[in-house]
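Structure record follows, encoded as structure tokens.
Where a number appears in this text, it was derived from the coordinates with a stated rule and is not lab data. For clarity, every value in this text was computed on a predicted model and none was experimentally measured. Here Cβ is always computed from backbone atoms with ideal geometry, including for glycine, and neighbour counts include all displayed protein chains.
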Amino acid sequence: EGRMALKVPLELVELERKQYGMDLRKERGEEVDGLASQLVKELCENEATCLAHEVGEDKGEGVLSRTLTVVKHFKEVGRDNKVRVADCLGSNLSVLNATIDATTADIKQRKAGASKKGQDDQVEEDLKTLRVALKLHVCFLDCVLREATAFGKANPETAKAKKGSGAAGRSKTSGQNWEWLFAIEKVLRPLACSSGLDLHTLFDGNQLETEQLLHKFSGTALLALNCNPCLGSGQSGSSIKESLMRLLAYTCHKMMLLDSATH
């Protein structure tokens, strides 16, 4: 009971158990595009964890509800807002990665010394918010990359033009298509940099949640590596591919360690 009619690639237990007034199944077209516009504004104006926040829970009007709705109906979002969402996600995930890194480092320092009960409670609350925000970001990036892959298959000429250099490459494709591919390229960098996160500390030793996120990271990295139109070419493309391969190696290594610890 109380589970939302929404399937995401991760078991977002904290989210699925909540009740929302918004009927996500009825959100379509212009309504979803409008929610995406609001989400872009919130991503630009608020802290990196804003996707995990909910205001007006009874009416389902918070950032969290908008995020879940846009994730579910991302194909309904207009091209302009898809570009804007992808662009904002790249910047937001970079900040979120840095926040998680600083928080987990602080937790290790606290464990080495003594901390008051109130401080521990606040740290746990911060961790919960960071966990939900990171999961939502990865789910969102997965949607964006799937859309980009479909776009590349449907527009092979644009994909070839993307591999051109400078203005010559841009002149072969429409401004909208170029902006879309460029925005996707921007979200791949912070995704790859997520390999440096201390997920064990972030999830406080919860092996199941850690494994779920590692699987999601590896799947999204593979999806990105197959998204050729968005990887760019030359030094930029090679740098992104190298980072994504490091992310894959990191996730495989961590999953092997987790597996050996349970056997």
Note, Lys82: beta-carbon cut-off 12 Å, +1 each Lys/Arg, -1 each Asp/Glu, net -2
Pairs Lys111/Lys254; Lys82/Lys254; Lys111/Lys241; Lys41/Lys108: which exceed 31 Å Cα-Cα?
Lys82/Lys254; Lys111/Lys241; Lys41/Lys108
Under 5 Å between amide H atoms, partner at least 5 residues away or on a different chain: which partners does His53 have, H built in plane at 1.01 Å?
Leu64
